[in-house]
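The next block holds one structure in the form of structure tokens; read it before the comments.
The values are calculated or read from the model by the stated rules, or taken from the named source; none is laboratory data. Please read these numbers as outputs of a predicted model, since none were measured by experiment. Note: ideal-geometry Cβ built from the backbone for every residue, glycine included; neighbour counts use all protein chains shown. Calculation scope for accessible area: heavy atoms of the full protein, side chains included, ligands and nucleic acids excluded. Shrake-Rupley method; radii C 1.70, N 1.55, O 1.52, S 1.80 Å.
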Amino acid sequence: MDKFVILGGDHLEGTFSVSGAKNASLPLMAATLLASGQHQLSNIPELRDVRTMAHLLRIIGARAELADHKLSIDTTHCSFWEAPYELVKTMRASIYVLGPLLARFGEAKVSLPGGCAWGPRPVDLHIMGMERLGAKIELEGGYIHARADRLKGARVTFPISSVGATGNVLMAAALADGVTVIQNAACEPEIVALAEFINKMGGKVEGAGSDRIEIEGVSELKPAPFDNIADRIEAGTILSAIALAGGDVNLVNLRPNHIESVIDCLEQAGFKLQVGETSIRITADRKAVAVGIRTAPYPGFPTDMQAQWIALMSLSGGSCSVTDTIYRDRFTHVAELRRLGADIAVEGNTAYVRGVDSLQGAPVMSTDLRASACLIMAGLAAKGRTDLSRVYHIDRGYERIEERLRSIGARIERVDEPMQV
Ligand code: UD1
């Protein structure tokens, strides 16, 4: 199993190019099932989750080839409408195939994802959305079995904002009979990208990016090339890493308007940011001012940046609280940050962070994707050596992160850690 060996204490300098968004790639890939033919998606990151989704599409009968960040998917011969447990349990976003399979084949069988390190993470809203569009749903043998001859447009009002359920209903409604209105829709940029892709394929979606999306179903969609958006969470992570370790880095190929909440918080924390059209230069030569945050649906502060913000605040000049309102149990990184000398207490869904003078390197363990990111950040800022094990988590969401961090001066190596017996 691979681990990272990080030697901390160096400033980071240079240019960092941000990857395509993982969380947009996955629904875009699922949406290719809506239109039979040859699809071309570009700016797709070469990540484990993307490979898992490609594997799932192949099981369904598609051809999928990823090379040089271009993904070709041929959905002409898709005929199998099942997403097996073996795959869904490794990646919850597999649930994104539910809507497109149901819309295209009138039937879909998708495994229930099961538990998650951040708490229960139910899929009831995905199911409710499909039922509102007229699907008959049975839960049997750990699977969601959905059937509908032709889905029918309907009003779908979500009690809470869900990115995944909004995306699933959007895809299903694109081929439904009549008009669907999603109320309290998720406003995330990944939903906007998905809507733009569906419209490029001939769909009729309006209002994506607001909390009311209207979809007029069409009888057929046709493949169209699509260029994926930049990964706003990777951008926020690297900005926070530089803020923590110190340095002067120009991030390029990103969309600053997708991370305004993070930019605001970094500025409040005392860092200088020069924001361009598709770039942000950050200059960090001082400790952060303590700034408390509460995560919230977009355009609020992202839950996927909560761990990184705690890492940054662990070396701040004061105390603050970090509350996660989306995933209330998402704090496994705190115990690992404490191993590096951070002073953090968790009560309920709030972490109370008291800034310390320095962090010291130590062996630590990745517990999930964003927890791994925050531990890399802390390792880069800590004195001495940090060994971060179980880095397969980070490979799910950050492409060749060690090589790209080395290019801005980080000392981080991937080494093969022999299995302990
Ligand atoms: C997506 C992101 C994930 C991010 C999350 C919130 C992908 C692949 N993943 O996950 O990285 O952390 O958005 O920004 O894009 N909920 C229900 N019932 C449901 C669905 C969701 O109660 O059927 C709840 C969840 O438990 C959570 C909240 O709704 O508390 C938001 O979750 P949701 O937006 O659906 O997250 P995902 O789409 O799974």
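Residue-wise test of (1) closer than 30 Å to residue 105 by Cβ; (2) in a helix (DSSP H, G or I); (3) of a type in the set (Lys, Arg); (4) open to solvent by 10 Å² or more (accessible area, probe 1.4 Å).
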site: 220; (1), (2), (3), (4): yes, no, no, yes
site: 234; (1), (2), (3), (4): no, yes, no, no
site: 288; (1), (2), (3), (4): no, no, no, no
site: 320; (1), (2), (3), (4): no, no, no, yes
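Filter the range 1-39 for residues that are within 16 Å of the ligand (Cβ to nearest atom) and open to solvent by 10 Å² or more (accessible area, probe 1.4 Å) and give the result. Result: 19, 22, 23. Within the range 103-114, one or more residues are under 18 Å from the mean Cα position of the chain (by Cα), assigned to a loop (DSSP other than H, G, I, E, B) and more than 26 Å from residue 18 (Cβ to Cβ). Among residues of the range 280-305 that are under 26 Å from residue 10 (Cβ atoms), those with a beta-carbon under 6 Å from a residue that is away from the ligand (no atom under 16 Å from the Cβ) and of a type in the set (Lys, Arg) at least six positions away or on a different chain give the pairs 283/272. Taking the range 323-349 as the range and being within 16 Å of the ligand (Cβ to nearest atom) and not hydrophobic (A, V, I, L, M, F, W, C) as the test, the residues that pass are 323, 324, 325, 327, 328, 329, 330, 332, 333, 348, 349. When residue 299 is tested against the conditions (1) buried (at least 18 other Cβ atoms within 10 Å of the Cβ); (2) more than 26 Å from residue 386 (Cα to Cα), the lone failure is (1). With a requirement of 2 or more residues that are of a type in the set (D, E, K, R) and closer than 18 Å to residue 290 by Cβ, the strands (runs of 3 or more DSSP E) lying completely within the range 334-421 that satisfy it span 343-347. Only one of the numbered conditions (1) open to solvent by less than 10 Å² (accessible area, probe 1.4 Å); (2) without any contact (Cβ under 8 Å) to a residue 60 or more places away in the chain is violated by residue 55, and that is (1). The residue list 87, 125 contains one member that is modelled with pLDDT of 95 or more, within 16 Å of the ligand (Cβ to nearest atom) and not in a loop (DSSP other than H, G, I, E, B), which is 125.
Counting just the residues of the range 143-169 that are open to solvent by 40 Å² or more (accessible area, probe 1.4 Å) and more than 14 Å from the ligand (Cβ to nearest atom), which one comes out farthest from the chain's Cα centre (by Cα)?
Taking the range 143-169 first, the residues open to solvent by 40 Å² or more (accessible area, probe 1.4 Å) are 147, 149-150, 152, 155, 157, 159-161, 163.
If we keep only those that are more than 14 Å from the ligand (Cβ to nearest atom) as well, we get 147, 149-150, 152, 155.
Details: 147: 29, 149: 33, 150: 31, 152: 30, 155: 27 Å.
Restricting to residues being open to solvent by 40 Å² or more (accessible area, probe 1.4 Å) and more than 14 Å from the ligand (Cβ to nearest atom), the top hit is 149.
For the range 171-185, the criterion of being out of contact with any strand residue (DSSP E or B) (no Cβ under 8 Å at 6 or more places or on another chain), outside the structural domain of residue 254 (by TED's automatic domain parsing) and under 30 Å from residue 251 (Cα atoms) is met by none of the residues.
For residue 224, the conditions (1) in a loop (DSSP other than H, G, I, E, B); (2) open to solvent by 30 Å² or more (accessible area, probe 1.4 Å) all hold with the exception of (2).
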